[in-house]
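A.B. asks: Below you'll find the structure I mean.
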Amino acid sequence: MPERLSIIFAASEVEGFSKSGGLADVARALPLHLKSMGHDVRIVTPLYHLIPENHKTETIIPALGVPLGSEESWCAVRQLEMEGVVDGKMISVPVYFIEHDHYFFRSGYYDDGLHEYPDNAARFGFFSKAVLQLCRALEWYPEIFHANDWHTALLPFYLRQSQQETDEFKQSSSVLTIHNAGYQGNAPGTFRNSLEIPLDYFVAELFEDHNQLNLLKGGIYFADHVNTVSPGYAEELRTQLGSHGLHEIFTRKGENFSGIMNGCDYDEWNPETDPHLPACFSATDLKGKKQCKKKLQEIVSLPELPDVPVIGMVGRLTWQKGFEYLLPALPQILSLDVQVVVLGSGEPLIANAFDKLQQKFPTKLGWYNGYNNELAHLIEAGSDMFLMPSLYEPCGLNQMYSLRYGTLPIVRRVGGLKDSVIQFDEKLETGNGFIFDDPDSDSLSEEVELAVSVFYNNPRRFKKMIDNAMKQRFAWKTAAEEYVALYRKTLN
Ligand code: ADP
Ligand code: GLC
């Protein structure tokens with residue numbers, strides 16, 4: 001087996017070009033780290049409408065035919081080099097953009113803000129097939145096809161189909177990483193023909209789910225190896241309760257299903273160098289953190305009270321993040337001597353609830369509806385605690401950022417949160433955050449009250465937790481090494 005592996009990394013979003021959540025962060029950081037280890041890794045992603053406005057790309061294939069079903073559609077392929085720093089060294093990874101105006105030049109990636117695009121299965125089925133066609137056009141036959149989430153779940157299937165027809169990809173294998181099994185790519189069965197899914201594959205073990213297509217399910221079956229983004233979530237996916245209905249499918253994969261904890265991009269998220277902050281800080285000198293708090297309170301129009309704890313929250317406004325029990329708990333939490341700052345975009349229902357709460361608690365709740373990377377950095381830096389009460393959380397990146405910024409996470413004991421946050425132990429003085437178990441408002445409020453009381457009544461303990469938090473690291477290098485071991489295993 002070659003020392004240097006060739007890997008095509010297919011993702012529906014990549015940080016720097018398109019991003020709705022943590023998948024984008026991973027799709028940038030992991031390839032950069034694989035490249036820094038010497039592997040030939042290249043990214044392929046759709047060309048969404050704002051990308052050509054903001055980035056200089058070169059068209060390398062003006063017309064690429066993609067046969068799918070009874071039709072052949074055409075796209076172009078553009079390319080640029082994505083640059084990033086790994087261990088102080090500049091690394092660049094080629095990114096191929098699949099250009100198809102009808103499918104990808106839309107206002108959103110997956111929805112129009114209210115409704116999912118009804119042709120999502122066709123859009124991403126086309127994209128997955130285009131990945132194989134691109135490799136053929138480049139006469140580059142990578143050893144590893146790395147797919148991510150339901151959007152590219154058909155890639156392992158198309159690869160397997162193609163391996164049965166020709167020898168081109170006979171040395172290749174596929175890995176499917178699941179960042180969120182709550183989204184499975186369900187589509188009406190009528191898409192079956194146009195996606196080349198044979199009738200005898202429209203069965204419960206493969207692509208069928210309540211008489212619909214389930215692209216993720218089929219992808220799991222056909223991928224040579226499936227992994228998810230934390231060992232904790234991998235464990236939950238094998239159970240009826242935590243698997244979003246897919247536990248039998250995951251259990252059936254046996255040893256070919258595992259968990260690899262994501263890393264954290266400490267070049268981007270480092271309080272000692274963060275250019276988005278009014279002042280930098282470190283574990284040994286937290287003065288800058290106080291300035292960040294002051295700036296944060298000013299920006300979200302809250303009273304500038306240095307001694308009142310600020311509880312921050314950043315994320316997609318989806319029910320996954322625990323809003324069902326957080327929203328009813330907030331009046332109780334806001335009656336404490338605290339300030340809460342929330343940044344998020346997504347579900348209008350959740351956004352409306354925050355609008356109303358802000359009217360009721362104007363001096364206690366700072367609320368910003370939208371996507372704002374700069375403010376996300378300031379919230380991580382300027383808050384004292386960070387709330388992530390998720391119903392489920394495959395890995396979670398925000399709690400990793402908050403640990404690095406000495407902002408103690410308050411999380412529910414699920415998925416990657418339970419793998420990264422450690423409950424404080426008074427005797428041993430270990431621990432870096434606060435954890436609750438039950439997905440209900442009372443358990444959540446109690447844990448927040450505990451955190452607030454430690455803040456006020458036991459500053460020495462709180463400081464010790466900050467020290468512990470800021471020392472913790474989730475290295476991408478370690479995660480990338482685990483991926484390489486997994487790639488090699490699939491090639492054996
Ligand atoms: P998920 O992928 O489920 O959304 P993660 O915690 O893994 O959750 O990753 C979320 C990523 O998206 C983080 O990098 C976070 O800072 C960013 N993010 C989410 N919502 C916003 C927002 N409204 N503004 C800025 N950044 C956001
Ligand atoms: C998903 C998950 C999140 C994870 C991210 C990156 O969107 O919801 O927990 O951190 O993907 O893997």
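The values are calculated or read from the model by the stated rules, or taken from the named source; none is laboratory data. It should be emphasised that the depicted structure is a prediction, and the values quoted were computed from it without experimental measurement. Don't worry about glycine lacking a Cβ; one is built from the backbone with ideal geometry, like all the others, and counts go over all protein chains shown. Side chains are part of the model used for accessible areas, which takes the heavy atoms of the whole protein and leaves out ligands, DNA and RNA. Shrake-Rupley method; radii C 1.70, N 1.55, O 1.52, S 1.80 Å.
A.B. asks: Which of the helices in the chain meet the span-like rule: DSSP H, Cα axial reach of 15 Å or more, Kyte-Doolittle mean at least 0.0? Write down the numbers at each step before the final one.
C.D. replies: Details: long enough: 22-36 (21 Å, 0.46); 120-138 (27 Å, 0.66); 154-165 (17 Å, -0.67); 287-299 (19 Å, -1.81); 323-334 (16 Å, 1.07); 348-360 (18 Å, -0.38); 441-457 (23 Å, 0.16); 459-471 (18 Å, -1.26); 476-491 (22 Å, -0.44).
Span-like helices, by this rule, are 22-36, 120-138, 323-334, 441-457.
A.B. asks: Can you pull the percent of segment 329-425's accessible area that's carbon plus sulfur, 1.4 Å probe, other chains left in place? Spell out each step's value before the answer.
C.D. replies: Values: 1530 of 2990 Å².
Its accessible area is 51 percent carbon and sulfur atoms.
A.B. asks: Please list the equivalent ellipsoid semi-axes of the chain, computed as the square roots of five times the alpha-carbon gyration tensor eigenvalues, in descending order and whole angstrom. Don't jump to the answer; show the numbers that get you there.
C.D. replies: Details: eigenvalues 318, 110, 97 Å².
For the chain, the semi-axes come out at 40, 23, 22 Å.
A.B. asks: Determine Rg/Rh for segment 283-360; Rg is computed over alpha-carbon atoms and Rh is the Kirkwood hydrodynamic estimate from the same atoms. Numbers along the way, then the final one.
C.D. replies: Values: Rg = 13.9 Å, Rh = 13.8 Å.
Expressed as Rg/Rh, it is 1.00.
A.B. asks: Accessible area per residue for segment 67-123 in Å², computed with a 1.4 Å probe and the full protein assembly in place, what is it? Present the calculation step by step, with values, prior to reporting the outcome.
C.D. replies: Details: 3000 Å² over 57 residues.
Using a 1.4 Å probe on heavy atoms only, each residue of segment 67-123 averages 53 Å².
A.B. asks: Run through the DSSP bridge list for the chain and note the antiparallel percent, rounded to the nearest 5.
C.D. replies: Details: 27 of 74 bridges.
That works out to approximately 35 percent antiparallel.
A.B. asks: Now for a different question. For segment 204-248, which whole percent of the accessible surface, found with a 1.4 angstrom probe, sits on carbon and sulfur atoms?
C.D. replies: Details: 850 of 1770 Å².
The value for segment 204-248 is 48 percent carbon and sulfur by accessible area.
A.B. asks: Using only Cα atoms, locate the centre of segment 437-492 and the centre of segment 288-351, then give the distance between them in Å, rounded to an integer.
C.D. replies: The distance from the Cα centre of segment 437-492 to that of segment 288-351 comes to 19 Å.
A.B. asks: Are there trypsin sites (Lys or Arg not before Pro) in segment 133-182 that DSSP puts in a loop and that have at most 16 other Cβ atoms within 10 Å, and which ones? Kindly include the intermediate steps, with their values, before the conclusion.
C.D. replies: Numbers: sites: 136, 160, 170; in loops: 170.
Listed in order of number, the matching sites are 170.
A.B. asks: Among 135, 176, 371, which residue has its Cα positioned farthest towards the positive end of the charge dipole of the chain, with +1 placed on the Cβ of Lys and Arg, -1 on the Cβ of Asp and Glu, and the dipole taken about the Cα centre?
C.D. replies: Of 135, 176, 371, it is 371.
A.B. asks: Moving on to the next point. In terms of modelled amide H atoms, which long-range or inter-chain residues lie less than 5 Å from the amide H of residue 436?
C.D. replies: Result for residue 436 returns 411, 412, 413.
A.B. asks: Using the Karplus curve 6.51 cos²θ - 1.76 cosθ + 1.60 with θ = phi - 60°, what ³J(HN,Hα) values do you get for each residue of segment 235-246, in whole Hz, with x for Gly and Pro?
C.D. replies: 5, 5, 5, 8, 10, 4, 5, x, 9, 6, x, 10
A.B. asks: Continuing with this model, one more query. Tell me the per residue accessible area of segment 287-471 using a 1.4 Å probe; a whole number in Å² is fine.
C.D. replies: Values: 7270 Å² over 185 residues.
Normalised by residue count, the accessible surface of segment 287-471 is 39 Å².
A.B. asks: In deg cm²/dmol and to the nearest 500, what is the mean residue ellipticity at 222 nm of the chain if only DSSP H runs of at least 4 residues count, each as -39500 (n - 2.57), divided by the residue total? Provide the component values of the computation, followed by the final result.
C.D. replies: On the way: 17 runs with 182 residues, N = 492.
-11000 deg cm²/dmol, from helical runs alone.
A.B. asks: Give the shape of segment 287-471 as rounded, prolate or oblate, defined through the alpha-carbon gyration tensor: a ≥ b ≥ c are the square roots of its eigenvalues, a/c under 1.5 means rounded, and otherwise the shape is prolate if a/b is larger than b/c and oblate if not.
C.D. replies: Numbers: a/c = 1.43, a/b = 1.16, b/c = 1.23.
Because its axes are fairly even, with a/c under 1.5, segment 287-471 counts as rounded.
A.B. asks: Classify segment 123-246: rounded, prolate or oblate, from the alpha-carbon gyration tensor (a ≥ b ≥ c, eigenvalue square roots; a/c under 1.5 rounded; otherwise prolate if a/b is larger than b/c)? Provide the component values of the computation, followed by the final result.
C.D. replies: Details: a/c = 2.08, a/b = 1.32, b/c = 1.58.
Oblate.
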